[in-house]
Amino acid sequence: MRAVICVLAALPLVLMDTTPSRAQPICRPTLAFTDAHYTPMKLPKLERTWTVAFTVDASRCATDTGNFSIVFTVWKENAPDTEYVDTFQWVPDLNVISKEFWADEAVGAYRVNEIHPCPCAAPKR
């Protein structure tokens, strides 16, 4: 029993030893939505494509690609609105995402949910 108490007492000291100064710094790219629109309805399926364009400033990242997720709120005419998260991949500069929606659906809102961190680029001198 004493051994368990000693281990539990020492655990916070061991965990505190992993200081942020030893960890590699992490960065995140900056995403900015620039344009969103629908294409005309596609017959006979009665679907339309929603497209959003966004830019990525990854100048702080050492990598050229990464993942992020968007929360979509989808409005439906004859059913409750739904909210879901979808994950995508970014590359520096301009990116475009397209999704298919039925005639009775519309994107009511969308926002970035999470941008996965990337290793930081070396500082420019």
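Work through the residues other than A53 whose Cβ is under 12 Å from its Cβ and net out their charges, Lys, Arg +1 and Asp, Glu -1. Present the calculation step by step, with values, prior to reporting the outcome.
Working: positive: none; negative: D35, D93.
Within the 12 Å Cβ shell, the charges total -2.
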task = With a cut-off of at most 16 other beta carbons within 10 Å, and DSSP calling the residue loop, which GluC sites (Glu not before Pro) in region 22-112 qualify? Please list them.
result = E77
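Sort W102, W50 so the one with the fewest other Cβ atoms within 10 Å of its own Cβ comes first.
Working: W102 14, W50 19.
So the ranking, lowest neighbour count to highest, is W102, W50.
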key: Test item: Cα-centred dipole of region 24-119, Lys/Arg +1 and Asp/Glu -1 on Cβ, debye   = 120 debye
message = What is the sum of charges, Lys and Arg at +1 and Asp and Glu at -1, for the other residues whose Cβ falls under 12 Å from the Cβ of V107?
response = -1
message = For a quick size check, give me the Cα extents of region 24-119 along its three principal axes, largest first, whole Å.
response = 51, 24, 17
message = Distances longer than 17 Å among the Cα atoms of region 29-71: what percent of all pairs is that?
response = 50 percent
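Each value in this text was obtained by applying a stated rule to the coordinates, not by laboratory testing. As the structure is a computational prediction, the values presented were derived from the model and not from experiment. All Cβ positions, glycine included, derive from the backbone under ideal geometry; neighbour counts span all protein chains shown.
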